[in-house]
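K.L.:
The following block contains the structure, expressed as structure tokens.
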Amino acid sequence: MIHNTTKLSVLLAGVMAAGIAAADYPTKTITMVIPYGAGGGTDVLARTLQPALEEALGQTIVVSNVPGGGGILGFTQVANAKPDGYTVTIPNNVIFATEGMGNATYTYSDFDYLGNIMSEDYVVAVRADGPWDSWEALVDDMQANPGTVSFGFSGAGGSTHVASEILADMVGYRARQIPHDGSSDAVAAAMGGHIDALMLNLADLASGLRSGRLIPLVSLGDDRLEDYPDVPTLSELGHELSLTNWRGIAAPAGVDDEVKAAWAEALEAATSDAKVQEAISNQGGEVDYMPPGETLDARMAELAESFIRTAQRLK
């Protein structure tokens, strides 16, 4: 993004001016807590980034899956960890949504945001062998038969839950909302015929879409999906709603500037790596690197305000 190099240089200069040698961190293995099961979009992103980050940081990164509570268990573990830079996570809008729903003991300010990595659209998909071949057909069914179509998402009170409820209110239908413990569970439920439709990020839907057992019906992003150009956006269908998710790196609040500088440099290198960029694109995301600092903090505060406010109305 614009001015990333300048911001990174200023951050590094600040660290050196404080008399801290950036080489002091890291000196041991880093644990990256993934608050979902293996195979979901966040897990895939972590393992995609792992080699490039290990090379940039010069240390081993252990990816630890800690599923439970739609992300709450893993995020709580990180929020309560020592703020020394050796425990990090990959956050997204779930942090804000779970705070607004009152399901979590942490708040979004209990984390330091070390960089944004990517952004991605929310997408509604259905079983390929189901009776709906368009978003309009699905909506007509849900409006004609309120509460009969089962609509899955990842985690009660999570970002896809909030997005799903926002969508239902905007379009004017009532579905039977079904939470799952992680996106991979939701995808498996849809492919197995246990739910009719689901709302997830495109990266989380990737395995089901590639298998041909799920088909996308509508995107909540601003533009049509590059890999699915025939899938309309919600705004094209007459509803002024645009929702996107993000994924970055966060640590417990209170990490040193030394840690922030090291991660800024590592994430800039990782997101510039052609293999990482290709993998993120193949998962339906877009590299959207932003270093730590005031701009990223302001972006997090804006997203937090929107999601927390909406989630509180759903309680």
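Please treat every number below as a calculation from the coordinates, not as lab data. Computed from a predicted structure; not experimentally measured. Neighbour counts are summed over all protein chains in view; Cβ atoms, including those assigned to glycine, are modelled from backbone coordinates with ideal geometry.
K.L.:
What does the convex hull of the Cα atoms of the stretch 166-315 come to per residue, in Å³, rounded to a whole number?
P.N.:
With only Cα atoms used, the stretch 166-315 gives 149 Å³ per residue.
K.L.:
Hey, another quick one. Could you list the GluC sites (Glu not before Pro) in the stretch 222-315 that lie in coil according to DSSP, counting only those with at most 13 other Cβ atoms within 10 Å of their Cβ?
P.N.:
Here the GluC sites (Glu not before Pro) that fit, given the DSSP loop and packing criteria, are E226, E240.
K.L.:
Around S64, what is the net charge, scoring Lys/Arg as +1 and Asp/Glu as -1 over all other residues with Cβ under 13 Å from its Cβ? Write down the numbers at each step before the final one.
P.N.:
Details: positive: R47; negative: D43.
Local charge sum for S64: 0.
K.L.:
OK, next. Would you calculate the volume per residue, in Å³, of the smallest convex hull containing every Cα atom of the stretch 114-248?
P.N.:
Cα-based convex hull of the stretch 114-248, divided per residue, equals 106 Å³.
K.L.:
Expressed in nm to one decimal, what extension gain is obtained for the pair D227 and S306 from 0.36 nm per residue of sequence separation less their Cα-Cα distance? Please report the intermediate quantities before stating the final value.
P.N.:
On the way: separation 79, 0.36 × 79 = 28.44 nm, distance 2.89 nm.
Roughly 25.5 nm would be gained on extension.
K.L.:
For a test of understanding, tell me how many lysine pairs in the chain have Cα atoms under 29 Å apart, given they are 8 or more places apart or on different chains.
P.N.:
Lysine pairs, 8 or more places apart or on different chains, close enough: 9.
K.L.:
So how far, in whole Å, is the C-alpha centre of the stretch 266-315 from the one of the stretch 124-161?
P.N.:
26 Å
K.L.:
Amide H neighbours of G130 under 5 Å, counting only residues 5+ apart in sequence or on other chains, H built in-plane at 1.01 Å?
P.N.:
none
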